[in-house]
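Single-structure report; data block below.
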Amino acid sequence: MIEEKFVESAIRYFRYYKKLGEGAMAQLNDEQLLIRPNEASNSIALVVHHLSGNMLSRWTDFLTTDGEKEWRNREAEFEEDYIDRSAMMEAWEKGWKCLFDALESLRPDDLLKVIYVRNEGQTVMEAIQRQLAHYPHHIGQILYQAKVIKGSEFKSLSIPKGQSERYHQSHLIKAEEFRYKKDKL
């Protein structure tokens, strides 16, 4: 059923972006997580604060309550740092858990239900797509800042620059090996 495949796909993409963010943050020390490139920018820790706050607000009881919860203080997400990496990662995990629990609880007929964020109606499917645009946007900020901070020491989390052909060739070989083994069965 297409509805089930949509949710499975969304979960897979959210997990991928979560992993990218974690891979970038793991390369930084605690002080580097707090660097603000300039006054108009946020530190990685503040981006994490915002992501966690958004996830908790949007996905807590999301089928029955507005996604902008009264208890959320969005402005503080861009002002208040965590006391340490452990607190930041705890908030990170709490936000993602809320998202994944919500998505994994969905039934196919839930996708066309109308939910609200700031009194604006949208289907559950639209809300998922909205966050599939929002969260990777911020993960991209985390990746970019980590690359700027680490420079040439940054370990690529995808195909390293200048290695596209090598990557392509290794995957062609793996695909051929898979087809060969499959044909032998």
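The values are calculated or read from the model by the stated rules, or taken from the named source; none is laboratory data. Values in this document were obtained by computation on a predicted structure and should not be read as measured data. In this analysis, Cβ positions are derived from the backbone assuming ideal geometry, glycine residues included, and neighbour counts consider all displayed protein chains. Ligands, DNA and RNA are excluded from the accessible area calculation, which covers all protein heavy atoms including side chains. Shrake-Rupley method; radii C 1.70, N 1.55, O 1.52, S 1.80 Å.
For region 30-64, a tally of residues being charged (D, E, K, R) and open to solvent by less than 30 Å² (accessible area, probe 1.4 Å) returns 1. Scanning region 67-119 for residues that are among the basic types (Lys, Arg), free of Cβ contacts under 8 Å to residues at least 12 places away in the same chain and closer than 21 Å to LEU33 by Cβ yields one hit, LYS97.
None of GLU75, GLU70 is farther than 25 Å from GLN27 by Cβ, out of contact with any helix residue (DSSP H, G or I) (no Cβ under 9 Å at 6 or more places or on another chain), open to solvent by 90 Å² or more (accessible area, probe 1.4 Å) and assigned to a helix (DSSP H, G or I) except GLU75. Only a single criterion out of (1) touching a helix residue (DSSP H, G or I) at 6+ places or on another chain (Cβ under 8 Å); (2) open to solvent by 70 Å² or more (accessible area, probe 1.4 Å); (3) part of a loop (DSSP other than H, G, I, E, B); (4) not small (Gly, Ala, Ser) is not satisfied by GLN27, namely (2).
Residues in region 87-103: is at least one surrounded by 13 or more Cβ atoms within 10 Å (Cβ to Cβ), part of a helix (DSSP H, G or I) and touching an Asp or Glu at 6+ places or on another chain (Cβ under 7 Å)? No, region 87-103 has no match at all.
The C-beta contact set for region 120-138 (first residue farther than 21 Å from VAL48 by Cβ and at pLDDT 95 or above, second residue of a type outside the set (A, V, I, L, M, F, W, C) and in a helix (DSSP H, G or I), distance under 8 angstrom, 6+ apart or interchain) comprises GLN122/ARG130; VAL124/ASP110; ALA127/ARG58. In region 1-15, of all residues being farther than 15 Å from ALA102 by Cβ and either surrounded by fewer than 12 Cβ atoms within 10 Å (Cβ to Cβ) or not hydroxyl-bearing (Ser, Thr, Tyr) (or both), the one that is modelled with the lowest pLDDT corresponds to MET1. Only residues that are at positive phi and of a type in the set (Gly, Ala, Ser) were counted in region 16-73, giving 0.
Only one of the numbered conditions (1) open to solvent by 20 Å² or more (accessible area, probe 1.4 Å); (2) part of a helix (DSSP H, G or I) is violated by TYR116, and that is (2).
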